[in-house]
Amino acid sequence: MDLKLRAPDSDQHSILLPGQVSDLSSRYTGTLSSGKGREYKIEGNIADLMSNGHDYSIANWSNHLSVTAAVYEDVWRNRSLDILTGESFPIEKEKELLVDWLEPIKDKLYLDVGCSTALYARTVKQAEKKSVAVAIDISEAMLKEARKKASNEDCDLFLIRADARTMPFYAGMFDGLMMGGTLNELTDELKALYECRRVIKKGGTFFMMHLLKADSIAGKLLQGPAGWGGVKFWTLKQSNELFERAGFKVADQFNVGIVCFSKLIAV
Ligand SMILES: C[S@@+](CC[C@H](N)C(=O)[O-])C[C@H]1O[C@@H](n2cnc3c(N)ncnc32)[C@H](O)[C@@H]1O
C-alpha cells in the first residue's frame, strides 16, 4: 500500500511514499519529491520528512545518540514499568493492553507517535499482520534501531523521521494512534496533541501511556531534575484537561503509581 503524505513544506502538495519502503526485508534508498520541487531522502527504508529548524530539549538530545538508541529498549524499556510503577509490570502486560484497546484491524492504518524503537507499532503488526503501521520520531538513531528490530521480527513498517508537532499526514488519515511515554518529552505537548487529533479519524482510538506528577517526596525529588532537562509531568486532572482540550474524550483509564494508561477517543 502506497502512502499519500502531505509535503512538509506545503499544504498544497503531496508526496507518495511507495509501499516497498515498508518492506524491511529489502533495503530501499531513494528520493521523494513534493510537487513544490523540494526533495526528501529515503535511506535504508527511513524517509526523512523533517522540515527545517527544530527546538530540542536536553532530554530530546540524548535520544539522538546511537548509544542511547542501541540500549534503549533492551536495557531500559523492557523493564521501565517495573521501575516506574514500583511493582511487577511485565512489558507483555503493556503490549496486551495496547492490543486490547486499539483492536488493530486488517488494512486499517495506525500511527506510533514518538516511536523510539517502534515497540508499539511492532506490537500492533504482530497482533494483526495485515494492518498498516507507521512510526514517526525525530531521532534518526532511534528509527535505525526500530528498523533493525522490526526486520529481525519480520515485521513491515513505514518509518518516517517527522515531528509530532507538524506531521506530514492528511486529516483523518489514521484509524488509531499510539503514544508511549513521549508526551512527557514533547516541547509543545498541546500542539502535538492537536496534530494527533487532526490526523486521526473521528471515533478513532488513541492509546496513551504517560507519566503523572509524583505525590511522594522521593518521586518529587526524582522528577525535579528531569524537569530541568525538559521532561514535564501533570496530575491526572491536568492530563485529562489536556486531552479534552485537544479533542479527545477519556473512554478508559487507570494508573499504577505514576504510570498512566488512557484509552482516548477522538470526538
Ligand atoms: C520516551 S521515548 C518514547 C518511547 C516509545 N514510544 C516507547 O514506547 O518505547 C520519547 C521519544 O519521542 C521522540 N520525540 C521527542 N519529541 C518528538 C517530536 N516533537 N516529534 C517526534 N518524536 C519526538 C524522542 O526522539 C524519543 O525517541
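Every number in this text was worked out from the coordinates using simple rules, so none of it is lab data. The structure presented is a predicted model; accordingly, all values stated were derived computationally and were not measured. Heads up, the Cβs are rebuilt from the backbone with ideal geometry, glycines too, and the neighbour counts pull from every protein chain shown.
In table form, for the structure just shown:
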| quantity | calculated |
| --- | --- |
| Neighbour-count ranking [beta-carbon atoms within 10 angstrom, fewest first] of 71, 134, 199, 267 | 267, 71, 199, 134 |
| Anisotropy class of segment 81-168 from Cα gyration tensor, a/c 1.5 cut | oblate |
| Computed E for residue 26/residue 127 - FRET, C-beta separation, R0 35 angstrom, nearest 0.05 | 0.90 |
| Under-5 Å amide H pairs with residue 46, H placed in peptide plane, nonlocal only | none |
| Size of electric dipole in the chain: Cβ of Lys, Arg +1 and of Asp, Glu -1, about Cα centre, debye, nearest 20 | 440 |
| Whole-Hz couplings from phi, Karplus 6.51/-1.76/1.60, listed for segment 160-169; x for Gly and Pro | 10, 7, 7, 8, 4, 7, 9, 7, x, 10 |
| Cβ-based charge dipole, the chain, positive-most Cα from 152, 64, 15 | 15 |
| Full-extension gain in nm, residue 38 to residue 62, via 0.36 nm per residue minus C-alpha separation | 5.7 nm |
| Computed FRET value (nearest 0.05) for residue 218 with residue 70, which takes r as the C-beta separation and R₀ as 35 Å | 0.70 |
| Residue 212 long-range amide H proximity, modeled H, under 5 Å | 259, 260 |
| Derived scalar couplings ³J(HN,Hα) [segment 23-28; Karplus, 6.51 cos²θ - 1.76 cosθ + 1.60; whole Hz; x for Gly, Pro] | 7, 7, 7, 10, 6, 10 |
| Residue-count net charge about residue 196 - beta-carbon cut-off 11 Å; Lys, Arg +1, Asp, Glu -1 | +2 |
| For segment 224-236, 3J(HN,Hα) per residue [Karplus equation, 6.51 cos²θ - 1.76 cosθ + 1.60, θ = phi - 60°, Hz, x = Gly/Pro] | x, x, 4, x, 5, x, x, 7, 10, 9, 10, 6, 4 |
